[in-house]
Each structure stands twice: as structure tokens, then as C-alpha cells.
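Peer 1: Provided herewith is a single structure, encoded as C-alpha cells, for subsequent inquiry.
Just so it is clear, none of the values below were taken in a lab; they were calculated from the coordinates. Because the structure is a prediction, the values reported are computed rather than measured. Cβ atoms come from the backbone with ideal geometry, glycine included; neighbour counts cover every protein chain shown.
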Amino acid sequence: MMTFEEIKSFLKTKKVGIAGCGGLGSNCAVALARVGVGSLVIADFDNIEESNLNRQYFFYDQIGKPKSSTLKENIGRINPNVKVKAHIKKLDSQDIIDLFADCDIIVEAFDRADMKTMIIKTVLSNMPDKFIISGNGMAGWGNSEEIKAHYFEKLIVCGDMSTSVSDENPPLAPRVGMVSNMMANEILNIFLKELK
């Protein structure tokens, strides 16, 4: 066991890349900032909409602003010691390799299935030494016991791996929060195992 001060002292040397600053990415980033991960590289091309506020770490007066730079601002208010590099751009395979090259772990936090597949394939093929943490299956409510971490060597998928988002089954704060915090917890597990 370790004290929080020991944990923070170790984590301040770590860097995590987060692709997507929506429900998963914004909440995972905030959880990592709160525990003292030293550096974050975040990227998203989108702006904040009112409909995002039911699950994303933004505020009403931030509607219309870019997600990545606004998330950097919010993290700075939570923990000004975290170094955050924010990129406003839609990522492709080469961007992922370039932007996250010196990150210890990469978080996949995209909405679209094709983008999720693209980043997972890119990281596993081109950055085989890095873990990638992904979210899949978090729509709706209830069924908390179905949300788990699934391990596939360097890929860890958090969620129930089956619940698809739709108009009738929207992503809501409780389950999105559970998955995003589980993703952050898996990152801590990887990092803190180094101390054992």
C-alpha cells in the first residue's frame, strides 16, 4: 500500500494520451488529473454542445467552445500542476503516431466505431510497446454489474462490450462515468504495478 503523496510523486512522471474529449475522454482526463498524472496530451476536433452536458466534463457557459482547449482549462482549475497539451483536430493514423509517441499509455475515447477501430489498429500495429485503453458498451442505465475491464494483451476494453448507443438508449452520465473512471483506474493499475 502507498500514501496518496507517494502515489502522486510517482505519477507526476507519467504521460497519458487521450484521443477524444467527450464523455469518456473528459471524465477520464479529470480523474487522472485529480490523482496527479503529470502530463496529458488531449485531442478533439469538436465544439461543446448543450446535449453534451449530460455526461461530459464541461459547463453551460462553455457551450460553443472547442472541447480540447476547454478541457485543458478545466483541468487547470482542478490541478494546475498537470501539464496539458491540447490539440484541436480530427485525428488520423499518422496524427496518433505523432501526437502520442512519447505517451506511456493511450486512451481511445471516440464515439464512432470506425474511429475506435482505426486508433486501436494504429496503436497495436505501430506502437506495440504501449497499452491502449478503450471504452465499449456504456449506453443507457442500470446493469452496473455488466461493466467490466476486458483484457487482450496490450488492449484493455472497459464497458459491457454490447450496449450500443441509440436515440432510445442514449449515453448518460452514470454509466459513462463508471466506464471513464474504470479506464482511469486501469491506467493507475498499470503504472503503480511498476512500484511493486
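Peer 1: Report the net charge of residues surrounding G140, where surrounding means a beta-carbon distance below 15 angstrom and charges are Lys +1, Arg +1, Asp -1, Glu -1.
Peer 2: -3
Peer 1: Could you please state, rounded to a whole Å, how far the C-alpha centre of region 115-156 is from the C-alpha centre of region 43-67?
Peer 2: What the calculation gives is 23 Å, centre to centre.
Peer 1: Take F4 and L124, extend 7 Å from each Cα along the Cα→Cβ direction, and tell me the distance between the two endpoints in nm.
Peer 2: 3.7 nm
Peer 1: Return the percentage of antiparallel bridges among DSSP beta bridges fully within the chain, rounded to the nearest 5 %.
Peer 2: 25 percent
Peer 1: Given a Förster radius of 25 Å and the C-beta distance between I190 and S51 as r, what FRET efficiency does 1/(1 + (r/R0)^6) yield to the nearest 0.05?
Peer 2: Calculated value: 0.15.
Peer 1: For C103, what is the net charge nearby, where nearby means another residue's Cβ is under 14 Å from its Cβ and Lys, Arg count +1, Asp, Glu -1?
Peer 2: 0
Peer 1: Same structure again: Could you give the C-alpha radius of gyration of region 81-134 expressed as a fraction of 2.2 N^0.38 Å, taking N as the number of residues it contains?
Peer 2: It is 1.10.
Peer 1: Based solely on C-alpha atoms, express the radius of gyration and the Dmax of region 42-156 in angstrom.
Peer 2: 15.3, 42
Peer 1: Considering only Y151, N169, F110, whose Cα is most displaced toward the positive end of the charge dipole of region 93-175, charges sitting on Cβ of Lys, Arg (+1) and Asp, Glu (-1)?
Peer 2: With unit charges placed on the Cβ atoms, the residue in question is Y151.
Peer 1: Using a cut-off of 25 Å between alpha-carbon atoms, which lysines can reach K148, once sequence neighbours fewer than 8 places away in the same chain are excluded?
Peer 2: K14, K15, K116, K121, K130, K193, K196
Peer 1: Looking at region 14-104, which GluC sites (Glu not before Pro) are DSSP coil and have at most 12 other C-beta atoms within 10 Å of their C-beta?
Peer 2: Of the GluC sites (Glu not before Pro), the ones in loops of region 14-104 whose Cβ has at most 12 other Cβ atoms within 10 Å are E49.
Peer 1: Tell me the relative contact order for region 4-193 as a rounded percent, counting alpha carbon contacts under 8 Å between residues six or more apart.
Peer 2: So the answer I get is 23 percent.
Peer 1: Another question about this same structure. In whole Å, largest first, what are the principal axis extents of the Cα atoms in the chain?
Peer 2: Largest to smallest, the principal-axis extents are 45, 36, 36 Å.
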